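Q: Sharing a structure with you now.
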Amino acid sequence: MYGDQETIRKILTTGNTWAIVGLSTNERRAAYGVADVLQRYGKRIVPVHPRAETVHGEQGYPTLDSIPFKIDVVDVFVNSHLAGDIAHQAVAIGAKAVWFQLGVIDQDAYHRTRTAGLDMVMDRCPAIEIPRLG
């Protein structure tokens, strides 16, 4: 796992607007439940999915660069082989942090994103970590 407790705490306490890449209206997908937990903890979620669906009352967008406002955290629910490109896009839009979900692993993307100055967590879940903050 990549991302120490200090980085996890920083992202969860300072990142208020979360673009959730892969979030759709499919309630069976992990992204749907994680987005619900983040909302309950006061985070604004922004669905990012090619269908640009409204999820949990929030307007969706087809891509990160189509979001017309600032994003703090890009939370990635895509296959690992696609995750590096999403991390690159997160850097390009000026996000402060990238979070790769459980099972989403790309070590090169992790190091490139950190080198670009963003906080990064990989192979962890914010819905598991946020209740631990106390």
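Q: Can we say Gly57 is on the phi > 0 side of the Ramachandran plot and at pLDDT 95 or above?
A: Against the criterion (on the phi > 0 side of the Ramachandran plot and at pLDDT 95 or above), Gly57 qualifies.
Q: Something else: Looking at this structure, is Gly33 small (Gly, Ala, Ser), assigned to a helix (DSSP H, G or I) and more than 27 Å from Leu133 (Cα to Cα)?
A: When the stated conditions are applied, Gly33 does not pass them.
Q: Only one residue in Ile93, Ile67, Ile20, Ile8 is touching a residue at least 24 places away in the same chain (Cβ under 8 Å) and under 10 Å from the mean Cα position of the chain (by Cα). Which one?
A: Exactly one residue qualifies, and that residue is Ile20.
The values are calculated or read from the model by the stated rules, or taken from the named source; none is laboratory data. This is a predicted model, so every value here is computed, not measured. Heads up, the Cβs are rebuilt from the backbone with ideal geometry, glycines too, and the neighbour counts pull from every protein chain shown.
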